[in-house]
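These notes are about the structure you will find just below.
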Amino acid sequence: MSTEAERADERMAAEWEAQAHAHALYIDPAFIMNSWEKAVLPRLFDWIGAVDGPVLDAGCGVGKLGTALSHRGGGNGAAAGGPQPGGPQIVGFDFQGTLLAEAGPGYAALVEADVHHLPFKSQSFGAAIASNSLHHFPDANQAMRELARVLRPGGVLVTYDPRFVVPLEALKKMLRKNDGAFTKDHKAFRVDEYRDLLGSSGLHVDEVRTVDALGPLLATAFDYLKVGRLGLAPRIAGNLAALDDFICGADGRTAAGLMLAGRAVKAS
């Protein structure tokens, strides 16, 4: 009988293989979903608000957040040749060094690390962002505990993950049946489930929003049709992000949202 530790190791190994399989997609300029993520990440980052200290990019992968922020003048880092004035200090980590090697500008440091056992001291960061990350982590509750540990008092965590929508989950299960880029641990969350996950670490959950009603679905559909091979991926992604922003309106949310965005704060 496998021990709990052995099962955890098996799940981490499966995630490692999945990320290795997805590596080529993450850096493909014709993959519309890549451009779409870069279009929505600044909005999520802005939701953090004023930052007192460095920002941790949890599960940063190939560094989409840093790239997106550097393109609009925020962010800083070694890959950009040194800190950029006025931008927040961003530290990215991922458990797969081959993905980190693809990261471009925008980071003060990049660290190869496991979210379940972070190598950072407690209360090291003023904020953290986990975009499209929690649904990949084999033990999301342990990941949340570690993210909460490294936040300073008053620090903010912003998260972004797929929402559980029954028809879409059935479709995804069919399409991903033989896709090596996904594991059985990859998940989508119901709103209450997501709120409970964020709060399980002891953080105070300010809000969980349902956002982005069209972009995730249409970007994925276009990628299956290889529309990005026409050289229009950034333009299509930008238009999808703008359309979702319009649908969400001033409130920044929509009941029809296919993604969940969460904001939680560590007690001062």
Sort 225-235, 41-51, 147-157 by packing, meaning the average of other beta carbons within 10 Å per residue, with the highest value first.
147-157, 41-51, 225-235
Extension reserve of the D28-V51 stretch, reckoned as 0.36 nm per residue once the Cα distance is removed:
5.1 nm
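Bear in mind that the values in this text are calculations on the coordinates, not laboratory data. This one's a predicted model, so the numbers in the text were calculated from it and none came from an experiment. FYI the Cβ positions are ideal-geometry reconstructions off the backbone, even for glycines, and counts take in every protein chain you see.
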